[in-house]
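Shown next, in structure tokens, is the structure this report addresses.
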Amino acid sequence: MKILLIAYGFPPASSSSTFRPMFFAKHLQEMGNTIFVLTIRAEDYLPGHPKDPDLLKKLDDHIMIFRGRVFRPKEALMIFRDRLFKKTAAVSQHKASSLQDSVSGKQGKKGWFQEIKNIITDCLSTPDQQIGWLPSAVYKGIQIIKQQQIDIIYTTGGPWTSLLIGSILKKMTRTPVVMDFRDPWVANPSRASDSQLLQRVEPFLEKHVITIADHIIANTEELRQDFLRRYSFLSENRISTIPNGFEEYIPSQQNLNSQLTLVHAGMLYFSRNPRYLLQAMINGVEKHHFPADQLQLFLLGGFDVSLNDPELHRLLSHPCLQRMVKILPRVPYQEAIEYQKRSDVLLLLQPDFPLQIPRKLYEYIAFQKPLFAITNLQGATANIIQNNHLGIVVENRTEDIEPALITLYHQWKDRTLSLFSATTCDRFLNKNLTYTLDQVFRKYVKCS
């Protein structure tokens, strides 16, 4: 098969969104398919986007990669606005006193002007900030499909612009398209918006791409069921579950540390706030359940600016946590691997997203270490951990986390913490998941 793979995140980018399409491309090529990748130029990633040029070395040289330009109309508008305001700053300052004399009128005018601005910025970033990639991607995509005689299109989101690109290419070339939802779109609580425009447009766009797709991939069974529930026209045989995975097992040992060592790999942000965990650690020491010098927590990646919680910073200044918690900035990939290999327990924070399983969970599985997940007990993350006996799951409440920490401490002290069986998780190996994806493609491609 000749497969066109459309992915915004692809090496040299090294964010979590990169790895699923990267390994699918790698293994699909190894299976005898011919892979063409449509992605963005390296210089078009937003500032601060992580990159690792060495990731390209993991791919076969025969994989052809095409890169389109990303225009960013919203950012261009902001630059224009800032320049305009610089020129008008003096005039605005001069008028400030007179505006204060008519506060009510000013407020009404400001509200109207702000609403117009919001509508414009919403239009320029719907369904996401990557919408400026669509023109160049569609243009290049049509060329690739016609010149290379592509058999099937695979497109992965988010960003959801990738799915829109796939839907347009399907319409224009009649090439079958498989759409991969790595996360919920409309059902994602983090995408909740006060904008009435977005509340109307995004459900329309999601329904549009699902209607056009020949096949839908959901990365959790919970997300698959959510789609079937919300879209009655979507038949069971048009949607499959293919979870995230890991590339290979990483040899590890257990119970070698002089302290119970928990490691969280990855930046923490507003929806992954460790506040209740930190309070549980303090409680455990103050109640003499475990001494402060026998438990340590490594937070690799530090805190995102969105995690601006005064209570969190107050807790981190507590004398107990000063000894127990070590916050490190983002470290190189291989260094992060070493921290995880030396851990006793791998920590997962996923409290607010019941339909999602973070890619980090599958990366953790590779180490075969026990997992400690703070997440919704009825959600997808809890289900996969409990169904496969991978560790302990608790709700994001201090009163639930505290006894779980005590249990882990006693298991560590008694040396009953153990690695779980590798064979339990073979189905999450990337090569096995890619085989499933390849079988989906073959349903829609009549190979000669």
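Out of everything in region 279-310 that is touching a Lys or Arg at 6+ places or on another chain (Cβ under 6 Å) and on the phi < 0 side of the Ramachandran plot, what residue ends up being least open to solvent (accessible area, probe 1.4 Å)?
Ala292
Being surrounded by fewer than 21 Cβ atoms within 10 Å (Cβ to Cβ) and among the charged types (D, E, K, R) is the filter here; which residues of region 1-39 pass it?
Correct list: Lys2, Lys26, Glu30.
Which helices (runs of 4 or more DSSP H) sit wholly inside region 279-375 and have at least 3 residues that are hydrophobic (A, V, I, L, M, F, W, C)?
The helices (runs of 4 or more DSSP H) meeting that bar are 310-316, 319-324.
If I ask for residues that are assigned to a helix (DSSP H, G or I) and touching a Ser or Thr at 6+ places or on another chain (Cβ under 7 Å), which ones from region 416-448 would you list?
The answer is Val440, and nothing else.
Among the residues of region 309-323, is any within 19 Å of Leu417 (Cβ to Cβ) and among the charged types (D, E, K, R)?
Among the residues of region 309-323, not one is within 19 Å of Leu417 (Cβ to Cβ) and among the charged types (D, E, K, R), which makes the answer no.
Quick check, is Ile401 over 26 Å from the mean Cα position of the chain (by Cα) and in contact (Cβ under 8 Å) with a residue 60 or more places away in the chain?
For Ile401, the condition - over 26 Å from the mean Cα position of the chain (by Cα) and in contact (Cβ under 8 Å) with a residue 60 or more places away in the chain - is not met.
Right, Ile401: open to solvent by 70 Å² or more (accessible area, probe 1.4 Å) and either among the aromatic types (Phe, Trp, Tyr) or in contact with a Leu (Cβ under 8 Å, 6 or more places away or on another chain) (or both) or not?
Here the answer is no, as Ile401 does not meet what is asked.
Yes/no per residue for (1) surrounded by fewer than 16 Cβ atoms within 10 Å (Cβ to Cβ); (2) among the charged types (D, E, K, R):
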position: Val138; (1), (2): no, no
position: Gly141; (1), (2): no, no
position: Ile150; (1), (2): no, no
position: Leu163; (1), (2): no, no
position: His208; (1), (2): yes, no
position: Ile212; (1), (2): no, no
position: Thr220; (1), (2): no, no
position: Arg229; (1), (2): yes, yes
position: Ser232; (1), (2): yes, no
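What is the residue count in region 376-395 for residues that are out of contact with any strand residue (DSSP E or B) (no Cβ under 9 Å at 6 or more places or on another chain), outside any loop (DSSP other than H, G, I, E, B) and closer than 24 Å to Leu260 by Cα?
Residues meeting the conditions: 0.
Kindly evaluate Arg330 against the criterion of being closer than 24 Å to Ser418 by Cβ, open to solvent by 50 Å² or more (accessible area, probe 1.4 Å) and out of contact with any helix residue (DSSP H, G or I) (no Cβ under 7 Å at 6 or more places or on another chain).
no
The values are calculated or read from the model by the stated rules, or taken from the named source; none is laboratory data. Everything quoted here is computed from the prediction, not taken from an experiment. Glycine gets a Cβ as well: all are built from the backbone with ideal geometry, and neighbour counts include every protein chain shown. Just the protein is used for accessible areas: all its heavy atoms, side chains included, with ligands, DNA and RNA removed. Shrake-Rupley method; radii C 1.70, N 1.55, O 1.52, S 1.80 Å.
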